[in-house]
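> Take a look at this one; I'll ask things after.
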Amino acid sequence: MLIRTAPTGKTAPRLINDLLDHDPRYSAKTGRNLLADPAPKFRGNGSLPARKSPSECRHALMKKEHQTNAPISNDELPDELTEYKVAAYCSTCLYHFDITVDFWQRKDRQAPCHLSDEFNPLHHLRLVKSTNAREYREKHGVNKYDTVTEAHRFVCSGEKCPLVVDIKISPPRLSHSILSLILDTSKMDMRGRREIKNDPDRYQGLPPVKPLQALGYLRQYLYDAKGAKSRTDLKKIARRNKKYMLAFADECDELFEYLDFIAVQDDALEPEVSVFHVLVPKHFADIHFQGGAQLLLAAAYHNGR
């Protein structure tokens, strides 16, 4: 864990710009972290390295509405109990960003910076702690519901400002290896042709499913699953369904099991036909379990865009 006590920092607008330019996939390779590292000193023409390479992502963040609690207006004033959170994902690289801003942890400071304050119009944010993926796993354990690439804490250097900013960056919820099951055109074509060959009468007139179609089906399953509020709301997916068989068949069990779908028997359907439905704890009101599963489903849904 990196602990910094140096007074160097950055204003809130600079922090936002650094966040949008920081691509965690390249930090380990370059040894530089735009978000956490202080800006390099200018020592004459040609002394500064390139801010980032053309291959690094300039994030296009999309807000997750149901996980966000942001100020209602620019005129809203925080008090000693205020905490805001913005949950977002990048529509390009699919990384997730959780940004929490609170005014309650540093109780000895109760005068937040404000544009109307001539001496403290802007927050000046100083990095005080950074955690990498290994350190996070060692502290919290391996948990597919809570995967972190890096996390940083900043505090405002204003003498009376209580502001604390926590930024947590997480990788895409669906890995390339899992997504390749439905994004690889050749795999999809072979899967569809095999099912059609095994039962030509049943699939008469139907072509193999394209990756974009399979992704659309998966997104709909995730949308239905994350929206379920009780057991009675759970929508089941018949594995015998033509659409399901052509798109996923048995080859994609790993994908659905990772997303906490389980195979169960349903007496309402044909004998010995199993279906997938969302994994539900013994007590559906188990907030800890349901919260983690719902967040995973929501994140995977966004990563399927």
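> For the range 11-24, in order, what is each residue's ³J(HN,Hα) by Karplus, 6.51 cos²θ - 1.76 cosθ + 1.60 with θ = phi - 60°, in whole Hz (x at glycine and Pro)?
Computed from phi, the couplings for the range 11-24 are 6, 4, x, 5, 4, 4, 5, 5, 4, 5, 8, 7, 9, x Hz.
> Moving to a separate point now. Among Ser73, Thr149, Gln105, which residue has its Cα furthest toward the positive end of the charge dipole of the range 2-170, with +1 on Lys/Arg Cβ and -1 on Asp/Glu Cβ?
Thr149
> Tell me, what ³J(HN,Hα) does each residue in the range 210-227 have, in order and in whole Hz, if you take phi through Karplus 6.51 cos²θ - 1.76 cosθ + 1.60 with θ = phi - 60° and put x for Gly and Pro?
Couplings: 7, x, 5, 5, 4, 5, x, 4, 4, 4, 5, 4, 5, 4, 5, 5, 6, x Hz.
> Output ³J(HN,Hα) for the range 233-246: one whole-Hz value per residue in order, computed from phi by the Karplus curve 6.51 cos²θ - 1.76 cosθ + 1.60 with θ = phi - 60°, and x for Gly and Pro.
Values, residue by residue: 7, 5, 9, 8, 10, 5, 5, 7, 3, 4, 4, 5, 5, 5 Hz.
> So between Val142 and Cys93, what do we pick up on full extension, going 0.36 nm a residue minus the alpha carbon distance?
Result: 15.3 nm gained on full extension.
> Same structure, new question: For Gly158, what is the net charge nearby, where nearby means another residue's Cβ is under 12 Å from its Cβ and Lys, Arg count +1, Asp, Glu -1?
Within the 12 Å Cβ shell, the charges total +2.
Only the coordinates and a few stated rules stand behind these numbers; no lab work does. Since we're looking at a predicted model, the values are computed, not measured. Counting neighbours? That spans all protein chains shown, and the Cβs are built from the backbone with ideal geometry, glycine included.
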